[in-house]
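Reading through the structure tokens given below for one structure.
The values are calculated or read from the model by the stated rules, or taken from the named source; none is laboratory data. Bear in mind that the values here come from a model prediction, so they are computed numbers and not experimental data. Every residue, glycine among them, receives a Cβ derived from its backbone with ideal geometry; neighbour counts consider all protein chains shown.
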Amino acid sequence: MKAEEAKLRIDELSRQLRQHNHNYYVLSSPVISDYEFDMLLEELIRLETEYPQFSDPNSPAKRIGGVITKDFPTVTHKTPMLSLSNTYSEEEIIAFGQRIRKDLDKDPDYVCELKYDGVAISITYEQGNFIRAVTRGDGTQGDDVTANIRTIRSIPLLLHGDHPQELEIRGEIFLPHKGFEKINREREEAGEPLFANPRNSASGSVKMQDSSEVAKRPLDCIFYSIHGKNLPFDSHYENLMEAKKWGFKISEYIIKTKDQQQIFNFIHEMEGARPELPFDIDGVVIKVNDFLQQQDLGFTAKSPRWAIAYKFMAEQATTRLLSVSYQVGRTGAVTPVANLEPVPLAGTIVKRASLHNADIITKLDLHDGDLLQVEKGGDIIPKITGVVKKDRKADAGPIHFIDECPDCGTKLLKHEDEAAHFCPNDAACPPQIKGRIEHFISRRAMDIDSLGEGKVEILYENGIIRSVADLYTIKYNDILGLEKVYPAEDDKKERKVSFKDKTTENIINGIRASLKVPFERVLFALGIRHVGETVAKILARHFKSIDAVASANMEALIDIHEIGEKIARSVVDYFSNPETRELINLLKEAGLQMNIPENESTIPQLLDGKTFVVSGTFDDHSRDEIKEMIEHYGGKSTTSLSAKTNYLLAGANAGPSKLEKAEKSGIEILDLPQFLELLK
């Protein structure tokens, strides 16, 4: 393909992908399948890698992230992001309206919209291009989180329609309930602590250092105010409606009215609908619509006088502690769970609440039969916020965290730097074994989806599997006819799982198909502690084979970009275990992909055997893009200079110590044009 043809194809793919993103994430009306979208995206990524001169910082390919940010620069807001005055009283809403009427000498139009329980963000666009995203911070200045916000698919990177040449738009980043539940399921499978609520999860995601990890989280954003010169209207509501045409996601839960009763009707309607909404809200915001009237009303030192937030009370309940049980995850982490007298709360019946770890039990000073305060407040996971100690029985004994594994009886251990206790008997503890197998077959790992819905448990209970290697020795007749009845639990009916002809055939075919799963996903499927999808991909691409990963020492691992001491120690410990080596041999014999095939890529390895350190900033490429180019052409990118370093690629503001060390060590220093010349 000629360069001119590549540019035309890149432009066309970008246009298509932007439209499909808008259809799916803003309009909720996709017109192509996920597979078709992924194929278009893969083609764009490949072309932009091969022809970096045509790469656009707002390309749909940048949605996948990859930028590492250790320090978020501070940016001053052009217009302060002031907080709103809050009230829980309808009387204060009436007083707010009376003051507005007195100051303006008439009743203005008000706009009522939802108060989202997320993270406020301000995004700047120039000539329709996404330029910068900044957090609220202290209201005067915030953190530049541009790389992370680019990954949120409901946020347009390029506007369309008749939009202002420069504008600032503000909104709320949040994690929808389904996305939050999905993340917590995955964290539980990975043996990681669960997020307490969607807001904390969204807030933490916005400030993650690796934007490729942010891209994996299903964050969303709804916009609620526009700032700038030459806006199409002199009013808030009308500008928001116009912003829909530019590609922004604007809430459907919004009204414009002069009538005070309609304001209260909207508040009551939204408070009632709150449990059914797909995201968390904690109130309703009431604003004067007209910009000139807003200017006349002005500001206090902390908040605008033309807006107020009516906040909903957090939903709470009290219920009795019946018992504390303990769950063991696939990594051996033991989580205490409070079993409660069933209590209605925020639209659901709450019977259980996580106690997270031993420290929480101690902090609550939990005793047998305590009356507990339970709160949802829009959160998906109920949390225990306190104990009604005046109700405690005189003979109630304190709850003590267990010393032994509830499943295998092994004495529990606890590392000083971790909150969780864990069972070290990973070879024979049933929930750990089943958990590792369930992780191994999961969609993002080996993708043997025909083995879901409790089938792993049935195979384990019948002695057919005791490790993931046993999956590859299963014969059709071994499992045909197996079945189990799962009793009714909570709101779920009794469920029967049977291995009939078609089910058995699908399982065997699914196991066979998994032999083609690429090495990087096999490495992730092994369930090495602290090795998620991204780390598995990095290790696979760096070492190329399972044998090379297994023989790597701490120094070799830490030398890899993004691999720290914690991950390195976990990898070394995993492969030093004789049982691990035996498992790897069995999986090799079964035919799993244990290396990256040499003929997988036809890209010329122009930089083969060359090691680069990249320092500083570059006008047309991010550092991560440059590192990807190095690896794409067979080179190696590291973070520190050593005797093995061939080149220091230095941009603006390159580290003085690196430059000095390179000069003293005789390491060749390249600028970007010289580097690109190497690729010719």
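Please find, within the stretch 415-428, the residue that is farthest from T331 (Cα to Cα) out of those that are assigned to a loop (DSSP other than H, G, I, E, B) and touching a residue at least 24 places away in the same chain (Cβ under 8 Å).
Per the criteria, the residue is A419.
Restricting to the stretch 56-79, count the residues that are part of a loop (DSSP other than H, G, I, E, B) and modelled with pLDDT under 80.
8
Given the residues S211, S235, which is the only one that is buried (at least 19 other Cβ atoms within 10 Å of the Cβ), assigned by TED's automatic domain parsing to the domain that holds D109, touching a residue at least 12 places away in the same chain (Cβ under 8 Å) and under 25 Å from the mean Cα position of the chain (by Cα)?
The conditions single out S211.
Return only the number of the condition from (1) aliphatic (A, V, I, L, M); (2) out of contact with any strand residue (DSSP E or B) (no Cβ under 8 Å at 6 or more places or on another chain); (3) at pLDDT below 90 that A273 does not satisfy.
(3)
Quick one: which residue in I507, I464 is more than 20 Å from K588 (Cβ to Cβ), among the hydrophobic types (A, V, I, L, M, F, W, C) and part of a loop (DSSP other than H, G, I, E, B)?
From the options I507, I464, the qualifying one is I464.
Count, please, the residues in the stretch 303-320 that happen to be closer than 14 Å to E375 by Cα and among the hydrophobic types (A, V, I, L, M, F, W, C).
Selection size over the stretch 303-320: 4.
Of S201, S251, which residue is within 24 Å of Y24 (Cα to Cα), crowded, with 20+ Cβ neighbours inside 10 Å and among the polar types (S, T, N, Q)?
S201
Identify, from the list L355, L366, L372, the residue that is surrounded by 14 or more Cβ atoms within 10 Å (Cβ to Cβ) and without any contact (Cβ under 8 Å) to a residue 40 or more places away in the chain.
Every option except L355 fails the conditions.
Among the residues of the stretch 114-125, are any of a type in the set (K, R) and in a helix (DSSP H, G or I)?
no
So, in the stretch 625-670, how many residues would count as being among the charged types (D, E, K, R) and under 16 Å from L607 (Cα atoms)?
Adding up the residues that qualify gives 7.
In this structure, is I149 of a type in the set (V, I, T), under 29 Å from A202 (Cα atoms) and touching a residue at least 24 places away in the same chain (Cβ under 8 Å)?
yes
Across the stretch 517-551, what is the number of residues that are part of a loop (DSSP other than H, G, I, E, B) and touching a strand residue (DSSP E or B) at 6+ places or on another chain (Cβ under 9 Å)?
Adding up the residues that qualify gives 1.
Assess whether R274 counts as being more than 18 Å from V111 (Cβ to Cβ) and either of a type in the set (D, E) or touching a Gly at 6+ places or on another chain (Cβ under 8 Å) (or both).
yes
Taking E42, is it assigned to a helix (DSSP H, G or I), modelled with pLDDT of 85 or more and not hydrophobic (A, V, I, L, M, F, W, C)?
For E42, the condition - assigned to a helix (DSSP H, G or I), modelled with pLDDT of 85 or more and not hydrophobic (A, V, I, L, M, F, W, C) - is not met.
If you take just the helices (runs of 4 or more DSSP H) that sit entirely in the stretch 574-680, which of them hold at least 1 residues that are over 21 Å from I560 (Cβ atoms)?
Of the helices (runs of 4 or more DSSP H) lying wholly inside the stretch 574-680, those with at least 1 residues that are over 21 Å from I560 (Cβ atoms) span 578-590, 656-665, 672-678.
Suppose we filter the stretch 312-338 for residues that are under 18 Å from A396 (Cβ atoms) and either buried (at least 18 other Cβ atoms within 10 Å of the Cβ) or out of contact with any strand residue (DSSP E or B) (no Cβ under 9 Å at 6 or more places or on another chain) (or both); how many remain?
Total meeting the criteria: 4.
Out of the residues in the stretch 642-653 that are aliphatic (A, V, I, L, M) and buried (at least 20 other Cβ atoms within 10 Å of the Cβ), which is nearest to F618 (Cα to Cα)?
For the stretch 642-653, the residue satisfying everything is A650.
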